[in-house]
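What follows is a set of notes on a single structure, which appears directly below.
The values are calculated or read from the model by the stated rules, or taken from the named source; none is laboratory data. Here the structure is a predicted model, which means the values were calculated and not measured. Counting neighbours? That spans all protein chains shown, and the Cβs are built from the backbone with ideal geometry, glycine included.
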Amino acid sequence: MRIAAVGDSIFTSGFALIGAESFEIKNEGELNQILKKIIESNNYAVIILPERFVEKTRELRFKLIKEGQIAPIFAFIPDYTKIKGKRIEELKKSISLAVGAELKL
């Protein structure tokens with residue numbers, strides 16, 4: 001299994017240097033098309049994405065979870081846009097729903 005890095009050229013170039021296969025997108029409209037191709041190929045264990053794509057990929061990720069698919073793992077990394085904390089907020093909401101109480105961290 002391989003690792004894929006998806007994002008603009010600035011984001012993916014660093015991961016390409018350490019051996020990840022890079023998938024460059026020119027606009028956010030291409031994001032879900034590229035992700036679907038990566039997932040359908042069944043060749044990737046991890047997909048690395050900029051954290052700014054947490055919300056744009058939520059529907060696709062939740063669909064995979066409902067289908068019981070555990071791979072690939074989506075890893076969100078803060079990038080040069082300085083957008084961070086989106087994934088933590090998403091996890092907090094999910095845990096709060098699961099336990100029936102709002103988490104305060």
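Observations, loosely collected:
- From the list 75, 71, 4, 45, the one residue that fits, being of a type in the set (A, V, I, L, M) and either assigned to a loop (DSSP other than H, G, I, E, B) or on the phi > 0 side of the Ramachandran plot (or both), is 71.
- Applying a threshold of 6 Å to beta carbon distances and a minimum spacing of six or more residues, or different chains, the list of pairs starting in region 17-44 at a residue that is without any contact (Cβ under 8 Å) to a residue 40 or more places away in the chain and ending at one that is outside any strand (DSSP E or B) and among the polar types (S, T, N, Q) reads 22/12; 24/9; 24/12.
- Whichever residue in region 1-24 is under 17 Å from residue 37 (Cα atoms) and hydrophobic (A, V, I, L, M, F, W, C) and, among such residues, is surrounded by the most Cβ atoms within 10 Å (Cβ to Cβ): 6
- From the list 56, 63, 37, the lone residue that is of a type in the set (Lys, Arg), modelled with pLDDT of 90 or more, part of a helix (DSSP H, G or I) and under 18 Å from residue 79 (Cβ atoms) is 56.
- Residues of region 49-68 satisfying the condition of being surrounded by 12 or more Cβ atoms within 10 Å (Cβ to Cβ), free of Cβ contacts under 8 Å to residues at least 40 places away in the same chain and of a type outside the set (D, E, K, R): 54, 57, 60, 64
- Set side by side, the residues 104, 82, 86 differ, and just one is at pLDDT below 85, touching an Asp or Glu at 6+ places or on another chain (Cβ under 9 Å) and of a type in the set (Lys, Arg), which is 86.
- Complete set of residues in region 44-55 that are farther than 21 Å from residue 13 by Cβ and not hydrophobic (A, V, I, L, M, F, W, C): 55
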